[in-house]
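Here the structure is laid out as structure tokens; the discussion comes afterwards.
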Amino acid sequence: MPLASSLLSSEVSFHLYADDTQLYISFSTGESNTALEKISNTIESVHRWLSSNHLSLNPSKTEFLIIGNKKQTNKISAVPLCFSNTTVLSTKSARNLGVIFESDLSMSKQIASVSKSAFFCIRQLRLVRSVLDHNTAVLLCNSLVSSKLDFCNSLYINLPKSLINRLQLVQNSLARVIFPSVRSLITYHPLLNDFTDYLLSKVFFSKLQL
């Protein structure tokens, strides 16, 4: 019997990927213990299915995240998930399809990760910029850095300005790599002065392509 068939009989929603299985459930603060018990039972069921098919569940890569505002999460006792004599404690953040989600959905760790990775690429591009023509520089900047800013960028809509400003700095630095001799970025691309406008335009354009 496929794993999906086994999960369909549970009270937990799920997503299946090639090497990853995600379980999730929505609950109120008063139902937290019952909801987490359902998750534990479902994980135990998954573990049994894997074992019967000569596979194994990796406890070190198993994690669970409780998402809610601070007032809600403070009301939930720190109940661990248990399966096959293994205890898994809740985490403050988890990576989902390349995006770091935190318990309060602030996206601060995701933006910090994107900024760090983007600035590393920008530093490398600066080292070779003098030997690149303009078109090649644009191509590399788009593929190595702009792609990081564009990835799942709809999640950044309506975030605090302090977080958006970090992405603004990445974008400005990237523009200076493309136009190293120009100080005023607005001469070449007005949107570079406001990452929020850039973000909205990219999200709107992406939706038009659907």
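Any read-out appearing in this document is the output of simple, stated calculations on the displayed coordinates, not a laboratory observation. The structure displayed is predicted, hence computed values, not measured ones. Glycine also receives a Cβ, built like all others from the backbone with ideal geometry; neighbour counts cover every protein chain displayed.
Side notes on the structure shown:
- Residues of type aspartates and glutamates that Lys61 reaches as a straight line, Cα spacing below 20 Å, ignoring anything fewer than 8 places off in the same chain: Asp19, Asp20, Glu37, Glu44, Glu102
- Among the listed pairs Lys92/Lys161; Lys116/Lys161; Lys70/Lys148; Lys109/Lys161, those beyond 21 Å (Cα-Cα): Lys92/Lys161; Lys70/Lys148
- Listed peptides 97-110, 20-33 appear in the order 97-110, 20-33 once ranked by packing, highest mean of other Cβ atoms within 10 Å at the front.
- Once the gyration tensor of the Cα atoms in region 33-130 is diagonalised, the equivalent ellipsoid follows with semi-axes of 35, 21, 8 Å, ordered largest first.
- With each label modelled as a point 7 angstrom along the Cα→C-beta vector, the Leu139-Lys161 pair spans 4.0 nm.
- The chain: angle of helix 195-209 to the longest principal axis, Cα-based, in degrees nearest 10: 70
- Helix 108-128 axis, angle to the chain major axis (alpha carbon atoms, nearest 10°): 40
- Label point of Leu65 set 7 angstrom out along Cα-Cβ; within region 135-168, amide nitrogens under 16 Å from it belong to 152-157.
- Where only DSSP H runs of four or more residues are counted, the chain gives -14500 deg cm²/dmol as its mean residue ellipticity at 222 nm, each run worth -39500 (n - 2.57).
- Other residues lying with their Cβ under 14 Å from the Cβ of Thr29 contribute a combined charge of +2, Lys and Arg counting +1, Asp and Glu -1.
- Computed log₁₀ I(q)/I(0) - Debye formula, equal Cα scatterers, no solvent, the chain, q 0.09, 0.10, 0.11, 0.14 Å⁻¹: -0.52, -0.61, -0.71, -0.93
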